[in-house]
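Throughout, read-outs are computed from the coordinates displayed, never taken from laboratory work. All figures in this text were calculated on a predicted structure; none of them were measured in a lab. Cβ: placed from backbone, ideal geometry, glycine included. Neighbour counts: every protein chain shown.
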Amino acid sequence: MEELRNIPFGKPVMGEPEQAAVLQVMAGGILVHGPKTEEFEQSFAAWTGAPHAVAVSSCTAGMHLVYFALGIGAGDEVIVPAQTHAATAHAVELAGARAVFVDAENATGNIDVDAIAAAVTPRTRAIAVVHYLGVPVDMEAVNAVARHHGLLVVEDCALAVGTQIGGQHAGLSGDVGCFSFYPVKHMTTAEGGIVLTRDAALAQKLKLLRAFGVDRHMGQRATPGEYDVVALGFNYRMSEIEAAIGIEQVKRLDGFLARRRANYRVLRVALARLKSVELFSTDGGESESAYCLSMLLPEELAERRKDIIASLKAQGVGTSIYYPRPVPAMTYYREKYGTRPGDFPVAERISRCSIALPVGPHLAEDDMFYIAAAIERSLAQLG
């Protein structure tokens, strides 16, 4: 066995440019409502091709802010994929609306587009789609359903920085797209998120509501401390320190994505020869963000997943699970809506059988061969 390696599942890639940017902000004394946030919005908008970008404190905050701004609340329903992070549904619930869950499709783990129409009721106001692990949803089909029923489309792009759909960036096919910059994502601002939209009026409303509904921020006030509150809002701002990090990270995004996609393809080829695992029908190509590579164990090995993960950890390979349960099977949603095992069979299988493997830019192609060999050893140990 070769020398033990340390291969974490995710790791932010930052260096001197980010450090210098943070120190510059600290020396300047403006930590919120400053020029860095606006510069970051402009740089991410330019990189994605979006007309408007609104930086926020997190992707969850961005989604909640969007529903609030769009007037979605009590008595309304939003269609949500069962196979996603709880935040996708939490944003709906926090707005006072009801999350109506739809199962995943086998091939990609994305929402089963063919099942969306059947979930629409007279109370449905929006469809939330998640580009699961950065693989694009069939937005043409989703938008067709949305147009037919007069619904809004919210794209949860937390894992989709770099995902392309029909020649444009993810987040621009629906009405809004919400992104995450959590430390292990494609890029980071330490913590934070951003909302993309083509709607100028909505972008302005989001900027107003992310900061209490205050009409004038410090730099805009003729008299210090004098302002008005013109709408109910939140404290969902991004700080200048976070924005400064983000500006530098955007400059490195093309390189980050190239490394991810190359790693993904190498690892996929290495794993494809293992008969005891199944892979989604994606290849980490230019239309995908290649967030991670998730392999599926056969049902007979699902109960041994913890053993396999422990074996990989002992060999220095970090892993994760996307996600440990379908959201409607999580205690809060199960108790609130009375969901039962078998209600979302595809999402349940993915949650039960999958192991997510690292392909991030903190790793080299040679690490992919190490990961594949470690998996082969771990499976062999099960007999």
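Brief remarks on what is shown
- Rounded, prolate or oblate (a/c below 1.5 giving rounded, otherwise prolate when a/b exceeds b/c) for the chain by Cα gyration tensor: oblate
- Per-pair calculated FRET efficiency, R0 = 56 Å: Asp215 and Val269 via Cβ, rounded to 0.05: 0.50
- Segment Arg123..Val230, full-extension length gain: 35.6 nm, with 0.36 nm per residue of separation and the alpha-carbon distance subtracted.
- Of the GluC sites (Glu not before Pro) in the range 225-270, the ones in a loop by DSSP (not H, G, I, E or B) with at most 13 other beta carbons within 10 Å are Glu226.
- Here the convex hull built on the C-alpha positions of the range 268-310 has a volume of 84 cubic angstrom per residue.
- Cα gyration tensor category, rounded, prolate or oblate, for the range 1-139 with a/c compared to 1.5: oblate
- Stokes-Einstein diffusion of the range 253-381 at 37 °C, 0.692 mPa s viscosity, Kirkwood radius from Cα pairs, rounded to a whole number: 210 µm²/s.
- Non-local lysine pairs in the chain, meaning eight or more places apart or on different chains, with alpha-carbon distances under 21 Å, amount to 10.
- The range 121-227: C-alpha gyration tensor shape, a/c 1.5 cut-off, then a/b vs b/c: oblate
- The Rg/Rh ratio of the range 327-383, with both radii computed over alpha carbons and Rh defined as the Kirkwood radius, is 1.20.
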